[in-house]
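See structure below.
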Amino acid sequence: RINDLSGELGDFYHWAAALRQLDLVITTDIGVAHLATALDRPVWLFLPPDAEAGWITRVSTMQCYAQLRVFWPEQSGDEQSVVYRLMGEVAQRALVGDRDHRAETLNNLGVLLKRFGYIEEAVTCYRRALAKRADYPLAYGNLGMALLDQGHLEEAITCLVKSLELKPGSADGHNNLAVALDAAGITEQAVLHYRHALSLK
């Protein structure tokens, strides 16, 4: 959920009060980064490749910016990869500590982590989601596909079968199981599930 506070942040003091409530400040605004750093908040600053910010190159040697991380594409066109890295690290950060995440939240974090290449962390998310909710077909399906990416075919198939047991009418579930069976060389069963997926969708 996104809470838009822009209409309530009228002056410097309102901004300072809002920033002090945050566990992490992610911004594209250098002024906000300076203010949050002065308030001893962790700050991730995303800059365009042509940003005029000479002080950034000295951040690592400046004690007052100890909690500032800069995400800065080296050249135009690299922005997307830097955004992906930032988002993957946000998802990882959300898993730190003993926060009591809902199963759905853990599953969604796993999807983000997998998308940005953090497969092992994604698997951990899906397992934690299933520990909270054992009848969660989407988490079983996502875990199965992540395990498939890691080459753990037998466990992947087990998870994908469980996903289908919980939600037998899922075209995606049949397709995913077919992919795993195909990868394991169980071609006849794979074809059956591909056909079943097509009959559903």
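The values are calculated or read from the model by the stated rules, or taken from the named source; none is laboratory data. Computed from a prediction, not measured in an experiment: that's the story for all the values here. When we count neighbours, we look across all protein chains shown, and the Cβ atoms used for this are built from the backbone with ideal geometry, even at glycine. For the accessible areas, the whole protein counts, side chains as well, though only heavy atoms, and no ligand, DNA or RNA atoms are used. Shrake-Rupley method; radii C 1.70, N 1.55, O 1.52, S 1.80 Å.
When the chain is treated as a Gaussian network with alpha carbon springs shorter than 10 Å, the biggest mean-square fluctuation among Leu113, Leu160, Leu19 belongs to Leu19. Remark on Arg69: its backbone amide H falls under 5 Å from those of Val43, Trp44, Leu45, a criterion applied only to residues 5 or more positions apart or on other chains, H modelled at 1.01 Å from N. Ligands, DNA and RNA left out, the 1.4 Å accessible surface of region 98-201 is 51% carbon and sulfur atoms. Over region 73-117, the Kirkwood radius and the radius of gyration, each from Cα atoms, give a ratio Rg/Rh of 1.10.
Using a cutoff of 8 angstrom between alpha carbon atoms and counting only pairs six or more residues apart, the relative contact order for region 112-187 works out to 24 percent.
Only helices enter the 222 nm calculation for the chain: every DSSP H run of n ≥ 4 contributes -39,500 (n - 2.57), and dividing by all residues gives -18500 deg cm²/dmol, rounded to 500. Shape analysis of region 135-181 places it in the prolate category; the axes a ≥ b ≥ c from the Cα gyration tensor give an a/c of at least 1.5, with a/b above b/c.
Relative to one another, the C-alpha centroids of region 119-135 and region 166-187 are positioned 20 Å apart. Highest mean packing first, where packing is the average number of other Cβ atoms within 10 Å per residue, the peptides 171-179, 87-95 line up as 171-179, 87-95. Highest-first packing order for the peptide set 192-199, 145-152 is 145-152, 192-199, based on the mean count of other beta carbon atoms within 10 Å.
The magnitude of the dipole of the chain, with charges of +1 and -1 set on the Cβ of Lys/Arg and Asp/Glu and taken from the Cα centre, is near 500 debye. Among the listed values (i) 7, 22, 30, 27, 12, 2, 0; (ii) 8, 25, 25, 19, 14, 7, 1; (iii) 8, 30, 31, 17, 9, 4, 1, the one matching P(r) over Cα pairs in 10 Å bins from 0, in percent as calculated from this structure is (ii).
Altogether, the Stokes-Einstein calculation at 25 °C and 0.890 mPa s, with the Kirkwood radius of region 1-50 over Cα pairs as Rh, returns a diffusion coefficient of 213 µm²/s.
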